[in-house]
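Novice: Take a look at the following structure, please.
The values are calculated or read from the model by the stated rules, or taken from the named source; none is laboratory data. These numbers were taken from a predicted model, which means no experiment stands behind them. No Cβ is skipped: glycine too gets one built from the backbone with ideal geometry, and neighbour counts run over all protein chains shown. We work out accessible area using only protein heavy atoms, side chains counted, and drop any ligands, DNA or RNA first. Shrake-Rupley method; radii C 1.70, N 1.55, O 1.52, S 1.80 Å.
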Amino acid sequence: MDLGIRGKKALVCAASKGLGRGCAEALAAEGVDLVINARGAEALTSTAQAIAAAHGVQVIPVAADITTPEGRALVLDALGGQADILVTNAGGPPPGHWTDWSREDFISAIDANMLSAIALMQALVPGMMERGWGRVVNITSAAVRAPIGPLGLSNTARTGLTGFVAGMSRQVAEKGVCVNNLLPGFHDTDRATALDQGTAGTEGISAAQARARREATIPARAYGRPEDFGAACAFLCSQHARFIVGQNLLLDGGALSATM
Ligand code: NAP
């Protein structure tokens with residue numbers, strides 16, 4: 001299926017690896033020019049070169065912390081202040097226990113996983129509305145649908161973003177801008193490996209055992225792949241998604257057992 005977005009320009013945040021890279025690859029495969037971002041310049045540059053070479057699109061890497069105003073300013077500068085497609089993403093907060101989190105811990109999580117995405121939408125969506133077309137995909141988490149106890153900072157911040165999008169997406173749709181959230185369950189990335197290692201440490205098992213145990217709880221019996229995730233993102237950014245507004249698409253291999 002031709003997604004009809006060849007020649008569009010996208011910002012994909014936190015995209016040198018993992019789910020962000022999966023989204024960047026899938027958009028590039030559809031002929032979308034990219035600005036991609038991550039903090040570490042080396043991995044980011046090599047990802048940008050690999051994507052540009054594989055798909056023949058322009059890929060501009062911007063090494064910056066997307067959770068800071070300075071980092072976002074650099075990224076927006078590279079875009080010339082406008083984009084047709086925005087994929088928001090940032091690293092997730094660390095696991096812990098609800099009794100231990102300080103005000104500062106909450107503020108950091110909210111900055112990274114709620115307010116950064118909102119600031120980028122505030123910067124780029126008005127231009128999309130003026131031009132009469134835009135797509136925004138926020139990478140949130142399955143934790144929005146089913147909380148994960150040790151990831152309470154993530155549960156909290158991402159639910160706030162979800163509430164914001166629920167209202168805002170309905171205020172911009174009449175201008176051709178569709179804003180939706182993609183909710184990853186377990187996917188095979190460094191983040192998942194780190195969480196498995198954490199489980200292994202606290203429970204005295206190996207990381208492989210922790211992973212096998214988690215995979216057994218997923219009806220698809222495997223972690224998702226970044227390319228699976230990217231394909232769903234590219235569809236939400238496509239011409240065909242014009243009637244999908246303010247939705248939360250859970251990609252978890254069926255792990256959440258719920259009728260809806
Ligand atoms: P990952 O494999 O660890 O990749 C994270 C990417 O984000 C890297 O490119 C990293 O590069 C970049 N990054 C991290 N913090 C950044 C920042 N402050 N500014 C700019 N770039 C930043 O993680 P992932 O698995 O793709 O996860 C992406 C998001 O989905 C995270 O928020 C995670 O919590 C969430 N999530 C993931 C899963 C899963 O199973 N993978 C499940 C639920 C939710 P640098 O380190 O160089 O900046």
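Novice: Test SER154 against the stated conditions and say whether it is open to solvent by less than 40 Å² (accessible area, probe 1.4 Å), within 9 Å of the ligand (Cβ to nearest atom) and within 30 Å of ARG221 (Cα to Cα). Give the steps one after another, and end with the answer.
Specialist: On the way: open to solvent by less than 40 Å² (accessible area, probe 1.4 Å): yes; within 9 Å of the ligand (Cβ to nearest atom): yes; within 30 Å of ARG221 (Cα to Cα): yes.
Yes; evaluated as a whole, the condition is true for this residue.
Novice: Pairs only if they're at least six apart or on different chains, beta carbon under 6 angstrom, first in segment 81-105 and of a type in the set (Val, Ile, Thr), second assigned to a loop (DSSP other than H, G, I, E, B); list them, first residue then second.
Specialist: Final answer for the pair search is ILE85/LYS8; ILE85/CYS237; THR88/CYS13.
Novice: Scan segment 54-92 residue by residue and report those that are charged (D, E, K, R) and open to solvent by less than 40 Å² (accessible area, probe 1.4 Å).
Specialist: Within segment 54-92, ARG72, ASP84 qualify.
Novice: Going by the structure shown, is ASP111 in the same structural domain as ALA38 (by the TED database), open to solvent by 80 Å² or more (accessible area, probe 1.4 Å) and acidic (Asp, Glu)?
Specialist: Working: in the same structural domain as ALA38 (by the TED database): yes; open to solvent by 80 Å² or more (accessible area, probe 1.4 Å): no; acidic (Asp, Glu): yes.
No: the conditions fail for ASP111.
Novice: Mind listing just one residue for me: the one in segment 3-30 that is assigned to a loop (DSSP other than H, G, I, E, B) and away from the ligand (no atom under 12 Å from the Cβ) and, of those, most open to solvent (accessible area, probe 1.4 Å)?
Specialist: ARG6
Novice: Quick check: anything in segment 201-222 free of Cβ contacts under 8 Å to residues at least 40 places away in the same chain, surrounded by 20 or more Cβ atoms within 10 Å (Cβ to Cβ) and more than 18 Å from GLY149 (Cβ to Cβ)? Before you say what the answer is, go through the steps one by one.
Specialist: Quick first cut of segment 201-222, residues free of Cβ contacts under 8 Å to residues at least 40 places away in the same chain only: 201-222.
Narrowing further to those that are surrounded by 20 or more Cβ atoms within 10 Å (Cβ to Cβ): 210-211.
Still in the running and more than 18 Å from GLY149 (Cβ to Cβ): 211.
Yes; the residues of segment 201-222 include at least one that is free of Cβ contacts under 8 Å to residues at least 40 places away in the same chain, surrounded by 20 or more Cβ atoms within 10 Å (Cβ to Cβ) and more than 18 Å from GLY149 (Cβ to Cβ).
Novice: While we're on this one: Could you say whether any residue in segment 94-108 is at pLDDT 95 or above, assigned by the TED database to the domain that holds CYS178 and surrounded by 20 or more Cβ atoms within 10 Å (Cβ to Cβ)?
Specialist: no
Novice: How many residues does segment 42-53 contain that are more than 11 Å from ALA15 (Cβ to Cβ), open to solvent by less than 40 Å² (accessible area, probe 1.4 Å) and near the ligand (Cβ under 9 Å from one of its atoms)?
Specialist: Taking segment 42-53 as the starting set, the residues that turn out to be more than 11 Å from ALA15 (Cβ to Cβ) are 42, 45-46, 49-50, 52-53.
Next, only the ones that are open to solvent by less than 40 Å² (accessible area, probe 1.4 Å) stay: 52.
Pick out the ones that are also near the ligand (Cβ under 9 Å from one of its atoms) and you get none.
Qualifying residue count, segment 42-53: 0.
Novice: Let me ask another. With the structure loaded, tell me whether ARG39 is in contact with an Asp or Glu (Cβ under 7 Å, 6 or more places away or on another chain) and open to solvent by 60 Å² or more (accessible area, probe 1.4 Å) or whether it fails that test. Break it down stepwise before answering.
Specialist: Working: in contact with an Asp or Glu (Cβ under 7 Å, 6 or more places away or on another chain): yes; open to solvent by 60 Å² or more (accessible area, probe 1.4 Å): yes.
Yes, satisfied.
Novice: I've got another one for you. Looking at ILE66, ILE60, ILE36, ILE85, which one is within 26 Å of PRO126 (Cβ to Cβ), away from the ligand (no atom under 12 Å from the Cβ), β-branched (Val, Ile, Thr) and under 16 Å from the mean Cα position of the chain (by Cα)? Break it down into steps so the answer makes sense when it comes.
Specialist: Details: ILE66 fails: away from the ligand (no atom under 12 Å from the Cβ); ILE60 fails: under 16 Å from the mean Cα position of the chain (by Cα); ILE36 fails: away from the ligand (no atom under 12 Å from the Cβ).
Result: ILE85 is the single residue among ILE66, ILE60, ILE36, ILE85 that is within 26 Å of PRO126 (Cβ to Cβ), away from the ligand (no atom under 12 Å from the Cβ), β-branched (Val, Ile, Thr) and under 16 Å from the mean Cα position of the chain (by Cα).
Novice: If you don't mind, another one. Among the residues of segment 160-177, is any within 12 Å of the ligand (Cβ to nearest atom) and open to solvent by less than 60 Å² (accessible area, probe 1.4 Å)? Even if it seems obvious, please write down each step before you answer.
Specialist: Restricting attention to segment 160-177, the residues satisfying the condition of being within 12 Å of the ligand (Cβ to nearest atom) are 161.
Next cut, open to solvent by less than 60 Å² (accessible area, probe 1.4 Å) only: 161.
Yes, that holds for at least one residue.
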